[in-house]
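The values are calculated or read from the model by the stated rules, or taken from the named source; none is laboratory data. A quick note: this is a predicted structure, and the numbers were derived from the prediction, not measured. Note that each Cβ is placed from the backbone with ideal geometry, even for glycine, and that neighbours are counted across all protein chains shown. What goes into the accessible areas is simple: the full protein's heavy atoms, side chains included, and nothing from ligands, DNA or RNA. Shrake-Rupley method; radii C 1.70, N 1.55, O 1.52, S 1.80 Å.
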Amino acid sequence: MSNNTRDPILSVESLSKRVTSPDGELQLLQDINFNIYPAQSVAIIGASGAGKSTLLGLLAGLDTPTSGKVLLDGQDIFGEDEDGRARIRGANIGFVFQSFQLLPSLTALENVMMPLELMGSSEAESKAQEVLERVGLAQRIHHYPRQLSGGEQQRVAIARAFAPRPKLLLADEPTGNLDVRTGEQIIDLLFSLNKEQNTTLVLVTHDMKLAQRCERRLTIDVGQLSEASA
């Protein structure tokens, strides 16, 4: 399926990232260019240390490039200061991490309510409860992360990411800390919600089975990007 007749939700233009190390200057990413269109699912794959997570951090505006642009829905996120980038993230981007990143002092419900409350939603609790029910945790909403299995924690993290209905969802090795069976369930859930909400999904993964589920696969090798043919 081609969405190229539509404006891209994410445009990456001549993106490069260099850092200084004890051994000299290290080129993490070099002249990366690509567009991602609304509702696409895209996997970023490559060997460990190839630059996948660096690229994901730049797409989110969590890191800054040495040169180049990232346009989110036409807005240059690096044309903003740190506070401005945070506002763009809050309004447009959801995250799912390998290590779940749930707040241990909050219940499942409170973890999912948090981004909704930050957006000023007057229905944060009901919306959070609804999405937790959707991910199969209706009976676990008042449990704390320590009382949940790894798969349940990742379901909470997915619920938290999708609750604000973001335009773009970024996932960094979302099945990396899960066993195969649980990982497959999480993959199914991720793609089901992606389809239901028409969200654009970009994920970093070593899991080729997960990557094959995506419409597009971008490979990073020694800081340079190529795209696999469909």
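Considering only A91, A157, A43, the mean-square fluctuation computed in a Gaussian network model of the chain, springs between alpha carbons under 10 angstrom, is largest for A91.
At an R0 of 25 angstrom, the distance between the Cβ atoms of R87 and D63 translates into a FRET efficiency of 0.90.
If I take every Cα pair under 8 Å that is 6 or more residues apart in the chain, average their sequence separation and divide by the length, what percent do I get for the relative contact order? Could you put the intermediate results ahead of the total?
Values: 427 pairs, mean separation 64.1, N = 230.
Relative CO of the chain lands at 28 percent.
Remark: spin-label model distance S21-E130 equals 4.8 nm, labels positioned 7 Å along the Cα→Cβ axis.
Given a 10 angstrom Cα cut-off, can you work out which residue in V202, V156, V19 is the most mobile in a GNM of the chain? Highest fluctuation among the options: V19. Projected onto their three principal axes, the Cα atoms of region 2-46 cover extents of 45, 19, 11 Å, largest first.
Against the main long axis of the alpha-carbon atoms of the chain, helix 82-92 sits at an angle near 60°. Taking every C-alpha pair closer than 8 Å and separated by at least 6 residues, the mean separation divided by the residue count of region 74-153 gives a relative contact order of 31 percent. Once a ≥ b ≥ c are taken as the square roots of the eigenvalues of the Cα gyration tensor of region 79-172, is the result rounded (a/c under 1.5), prolate (a/b larger than b/c) or oblate (a/b not larger than b/c)? Prolate is the answer for region 79-172, as a/c is 1.5 or above and a/b outweighs b/c. Axis angle, to the nearest 10 degrees, between helix 150-162 and the longest C-alpha principal axis of the chain: 70 degrees.
Let me make sure I get this right: for region 177-230, a, b and c are the square roots of the gyration tensor eigenvalues over alpha carbons, sorted descending. Under 1.5 in a/c it's rounded, otherwise prolate if a/b > b/c, else oblate. Which is it? Spell out each step's value before the answer.
Details: a/c = 2.38, a/b = 1.40, b/c = 1.70.
Oblate.
In the neighborhood of L29, defined by Cβ-to-Cβ distances under 12 Å, what is the net charge if each Lys or Arg adds +1 and each Asp or Glu adds -1?
Values: positive: K17, R18, K52; negative: D31, D63, D221.
Summing Lys and Arg as +1 and Asp and Glu as -1 gives 0.
Can you pick out the pairs among K52/K167; K52/K209; K69/K127; K17/K127 whose Cα atoms lie more than 28 Å from each other? Don't skip to the answer; put the middle values down first.
Numbers: K52/K167 21 Å; K52/K209 17 Å; K69/K127 34 Å; K17/K127 38 Å.
Check vs 28 Å cut-off fails for K69/K127; K17/K127.
The angle between the Cα long axis of helix 180-197 and the main principal axis of the chain comes to about 90°, on a 0 to 90 degree scale.
When both bridge partners sit in the chain, DSSP labels roughly 55% of those beta bridges antiparallel. Work out the FRET efficiency for R165 and L103 from their Cβ-Cβ distance, taking R0 = 25 Å, and round it to the nearest 0.05. It comes to 0.75. Based on DSSP H segments of at least four residues, each scored -39500 (n - 2.57), the chain has a per-residue ellipticity at 222 nm of -10000 deg cm²/dmol. Simple spin-label estimate for F191 and A47 gives 2.8 nm between the two label positions (7 Å along the Cα-to-Cβ direction from each Cα).
Placing a label point 7 Å from the Cα of L118 along the Cα-to-Cβ direction, the residues of region 144-166 whose backbone N falls under 19 Å of that point are 145, 154-166.
On average, how much accessible surface per residue is there in region 119-230, in Å², for a 1.4 Å probe, leaving out ligands, DNA and RNA?
On the way: 5520 Å² over 112 residues.
Per-residue value: 49 Å².
Charge dipole (Cα centre; +1 on Lys/Arg Cβ, -1 on Asp/Glu Cβ; no other charges) of the chain amounts to roughly 460 debye. The apolar share of the surface of the chain, taken as the fraction of accessible area on carbon and sulfur atoms (1.4 Å probe, ligands and nucleic acids excluded), comes to 45 percent. Ranking A86, L56, H206 by how far each Cα lies toward the positive end of the dipole of the chain (charges on Cβ) leaves H206 at the top.
Between D221 and R6, the FRET efficiency from the beta-carbon distance, with R0 = 41 Å, is close to 0.90.
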